[in-house]
Amino acid sequence: MGRDVIIACDFSSKQEVLNFLDKFQGKKPFVKIGMELFYAEGPSIVKEIKERGHKIFLDLKLHDIPNTVKKSMSVLSNLDVDITNLHAGGTKRMMEAALEGLTRPDGTRPLLIAVTQLTSTDQESMENDLLIKEPIDKVVMHYAKNASDAGLDGVVCSPLEAQKVHDTCGKEFLTITPGVRFADGDIGDQKRVMTPAEANRIGSDYIVVGRPITAAADPVAAYERCLAEFVG
Ligand code: C5P
């Protein structure tokens with residue numbers, strides 16, 4: 001898989017997401033299904049979107065004891081998604097167990113990506129609530145390195161961190177970056193954003209784009225613009 005735009009389908013029902021995807025006549029964008037839609041509709045929504053020919057990033061951010069994560073990953077693997085993820089905070093042992101669970105008997109598996117520190121966690125909450133006293137960018141890189149050492153394929157990170165992640169973990173280690181906005185678009189609740197073209201320049205492998213596409217007057221045109229700016 002090469003560089004691509006992943007549409008964050010943050011909808012709360014099957015009807016909404018299918019109505020949205022129906023607009024993309026003949027096109028099959030890569031879609032991200034998150035907890036909201038998965039918990040509302042169950043695994044059948046993943047199968048239905050897969051059957052329509054879309055690639056799927058199943059964003060459920062698993063974090064539990066290694067054995068539970070391993071077994072859960074094995075179930076997710078049967079859904080035939082293309083990418084799934086977990087929290088690097090669950091430790092290297094949990095990540096290794098997840099990889100084992102995800103790997104099918106024939107040796108194939110979806111890509112496995114780690115979330116480092118959530119972008120909603122800042123230095124202050126990390127120090128006060130989690131009692132982690134190191135600078136947050138150092139923590140993010142350490143977690144990325146742990147994910148890489150455990151054999152994972154990449155991390156979700158801010159576009160601003162993508163270059164450093166590649167420097168630390170290698171060029172092949174994937175960076176999936178949300179927080180993307182058009183130069184002339186609304187920033188919404190995102191704090192640190194980049195345009196698709198900038199995300200390309202700094203070496204993001206995949207960009208995750210939600211509202212700039214899902215809330216656009218013409219979502220298909222917004223998606224095409226994103227692809228043109230990011231992939232060229
Ligand atoms: O609508 P928007 O483009 O802001 O959506 C970004 C998507 O990426 C959402 O699904 C959001 O949950 C996700 N995300 C994020 N920041 C992270 C991790 C995930 O915005 N650090």
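Measuring nothing but alpha carbons in region 4-230 and taking Rh as the Kirkwood radius, the Rg to Rh ratio lands at 0.95. Overall, the accessible surface of the chain at a probe of 1.4 angstrom is composed of carbon and sulfur to the extent of 50 percent.
If I take every Cα pair under 8 Å that is 6 or more residues apart in region 111-232, average their sequence separation and divide by the length, what percent do I get for the relative contact order?
Relative contact order here is 20 percent.
Each of THR121, THR195, ALA221 was placed along the dipole of the chain (beta-carbon charges, centred on the mean Cα), and the one lying farthest toward the positive end is ALA221. What region 4-230 shows is 47 Å² of accessible area per residue, with the surface traced by a 1.4 Å probe over protein heavy atoms.
Distance between the modelled labels on ARG52 and SER13, one decimal in nanometres: 1.6 nm (7 Å Cα→Cβ projection). For region 163-232, the alpha carbon convex hull comes to 83 Å³ per residue, rounded to a whole number.
Each residue, SER125 and THR103, gets one label point 7 Å from its Cα in the Cβ direction; the gap between the two is 3.6 nm. Across region 1-98, counting alpha-carbon atoms alone, Rg and Dmax equal 14.1, 43 Å.
How large is the dipole of region 4-230 about the Cα centre if only Lys and Arg carry +1 and Asp and Glu carry -1, each at its Cβ, rounded to the nearest 20 debye?
Working: 27 positive and 34 negative charges, 91 e Å.
With Lys and Arg at +1 and Asp and Glu at -1, about 440 debye.
Residue by residue, region 126-132 carries 3J(HN,Hα) couplings of 5, 5, 6, 8, 9, 6, 9 Hz when phi is fed to the Karplus relation 6.51 cos²θ - 1.76 cosθ + 1.60 (θ = phi - 60°); x denotes Gly or Pro. Magnitude of the charge dipole for region 1-59, about its Cα centre and with charges confined to Cβ atoms of Lys, Arg (+1) and Asp, Glu (-1), is about 340 debye. In this structure, the pairs whose alpha-carbon distance is over 28 Å, taken from LYS27/LYS92; LYS71/LYS92; LYS27/LYS47, are LYS27/LYS92.
The 1.4 Å probe gives accessible areas that order CYS169, CYS226, largest first, as CYS169, CYS226.
Based on DSSP H segments of at least four residues, each scored -39500 (n - 2.57), the chain has a per-residue ellipticity at 222 nm of -12500 deg cm²/dmol. Annotation: amide H-H contacts under 5 Å for VAL156 (H modelled 1.01 Å from N, sequence separation of 5 or more, or interchain): ALA114, VAL115, THR116, ILE176.
The values are calculated or read from the model by the stated rules, or taken from the named source; none is laboratory data. As the structure is a computational prediction, the values presented were derived from the model and not from experiment. Using ideal geometry, Cβ is built from the backbone for each residue, glycine included, and neighbour counts are taken over all protein chains shown. Just the protein is used for accessible areas: all its heavy atoms, side chains included, with ligands, DNA and RNA removed. Shrake-Rupley method; radii C 1.70, N 1.55, O 1.52, S 1.80 Å.
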